[in-house]
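Colleague: Here it is, the structure in full.
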Amino acid sequence: MSRAPSFDRDTVLDRALALFWRHGYAATSMRDVAAATGLGSGSLYAAFGGKRRLFTAVLARYRARVSARTLAPLDAEDAGLAAIEAVFTTLARRDPAAPAPGCLVTNTACELGPHDDLVRAGLKDALDGLAIRLEQVLVRARARGEVAGHLDPADTAALLVGLAQGLRVLARLGEPAERLDRIVRAGLAPLRPDAPTTDPKGPNHGRVDAASAGADPRRADHRR
């Protein structure tokens with residue numbers, strides 16, 4: 001009969017999370033994790049089945065503990081443009097309690113995403129989940145007139161996911177908070193209903209001036 005683990009799993013995952021977030025996957029060894037958690041390597045392997053599976057558990061813990069807190073405004077029943085702005089304002093600021101700048105999901109996507117199928121699947125699930133939540137908020141916000149009516153919620157949500165990942169990479173590189181704030185303001189400005197339209201089917205859709213049509217614009221007036 002196997003013995004139940006004599007340690008708190010969440011505490012172990014939190015300590016491992018801090019290591020991976022600070023140093024990355026490759027630079028963090030199981031020996032490092034053992035030293036940080038106080039567990040022997042044998043206990044870690046027995047509980048998590050090796051470094052790779054430990055890391056997937058750490059990613060799940062990060063999403064449940066860190067990402068969920070950051071994205072909580074999107075889950076309110078009345079979430080709209082203000083909720084999106086709140087989330088992106090948070091992304092532009094470093095949490096002083098975080099072990100490192102940036103985001104563990106984004107950091108991992110850059111480090112392991114291209115060549116680890118198991119990790120890539122978890123990362124894709126996280127980003128797809130964010131896109132779905134943003135799209136749902138945008139649908140409600142557009143119905144209430146909080147965002148520009150010509151915006152496609154799915155396309156806009158995908159664009160915002162890209163903006164979020166860019167912010168996190170820049171934060172990891174030490175970009176000043178003031179600059180990240182400006183990026184957020186510029187990135188969200190087109191969502192507002194009073195923003196200048198970039199709708200490809202706007203009032204000038206289908207119009208072709210003489211120059212772009214290949215005609216000599218100097219002769220256009222003589223043909224009227």
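The values are calculated or read from the model by the stated rules, or taken from the named source; none is laboratory data. Model, not experiment: these values are computed from the prediction. Using ideal geometry, Cβ is built from the backbone for each residue, glycine included, and neighbour counts are taken over all protein chains shown.
Colleague: Every residue in the stretch 104-129 that is touching a Ser or Thr at 6+ places or on another chain (Cβ under 8 Å) and within 25 Å of ALA154 (Cβ to Cβ), please. Before you say what the answer is, go through the steps one by one.
Modeller: To start, the set of residues in the stretch 104-129 that are touching a Ser or Thr at 6+ places or on another chain (Cβ under 8 Å) comprises 105, 118-119, 122-123, 126.
Passing the criteria: VAL105, GLY122, LEU123, ALA126.
Colleague: Could you grab the pairs with beta carbons closer than 8 Å, sequence gap of 6+ or different chains, first residue in the stretch 63-80 and over 23 Å from ASN107 (Cβ atoms), second one in a loop (DSSP other than H, G, I, E, B) and not aliphatic (A, V, I, L, M)?
Modeller: Listed pairs, sorted by first residue: GLY80/ARG144; GLY80/GLU146.
Colleague: Considering only the stretch 46-60, state which residues are in contact with a Leu (Cβ under 8 Å, 6 or more places away or on another chain) and free of Cβ contacts under 8 Å to residues at least 24 places away in the same chain.
Modeller: PHE48
Colleague: What's the total number of residues in the stretch 79-97 that are at pLDDT 95 or above, surrounded by fewer than 16 Cβ atoms within 10 Å (Cβ to Cβ) and in a loop (DSSP other than H, G, I, E, B)?
Modeller: 0
Colleague: OK, next. In this structure, does LEU167 turn out to be buried (at least 19 other Cβ atoms within 10 Å of the Cβ), hydrophobic (A, V, I, L, M, F, W, C) and in contact with a Gly (Cβ under 9 Å, 6 or more places away or on another chain)? Spell out how you get there, then give the answer.
Modeller: On the way: buried (at least 19 other Cβ atoms within 10 Å of the Cβ): yes; hydrophobic (A, V, I, L, M, F, W, C): yes; in contact with a Gly (Cβ under 9 Å, 6 or more places away or on another chain): yes.
Judged against the criteria, LEU167 is a match.
Colleague: Sticking with this one: Would you kindly identify the helices (runs of 4 or more DSSP H) lying entirely within the stretch 12-75 that contain at least 1 residues that are charged (D, E, K, R) and either over 30 Å from PHE88 (Cβ atoms) or modelled with pLDDT under 95 (or both)? Spell out how you get there, then give the answer.
Modeller: Working: elements: 30-37, 41-48, 51-62, 68-71.
Output list reads 30-37, 51-62, 68-71.
Colleague: Quick one: which of ARG218, ARG185, ARG207, ARG179 is loosely packed, with under 15 Cβ neighbours inside 10 Å, outside any loop (DSSP other than H, G, I, E, B) and at pLDDT below 85? Break it down stepwise before answering.
Modeller: Details: ARG185 fails: at pLDDT below 85; ARG207 fails: outside any loop (DSSP other than H, G, I, E, B); ARG179 fails: at pLDDT below 85.
Only one candidate qualifies: ARG218.
Colleague: Here is a further query. Consider ALA100 carefully, then state whether it is among the hydrophobic types (A, V, I, L, M, F, W, C), closer than 20 Å to ARG179 by Cα, assigned to a loop (DSSP other than H, G, I, E, B) and in contact (Cβ under 8 Å) with a residue 12 or more places away in the chain. Please lay out each step first, then the result.
Modeller: On the way: among the hydrophobic types (A, V, I, L, M, F, W, C): yes; closer than 20 Å to ARG179 by Cα: yes; assigned to a loop (DSSP other than H, G, I, E, B): yes; in contact (Cβ under 8 Å) with a residue 12 or more places away in the chain: yes.
So ALA100 passes the test.
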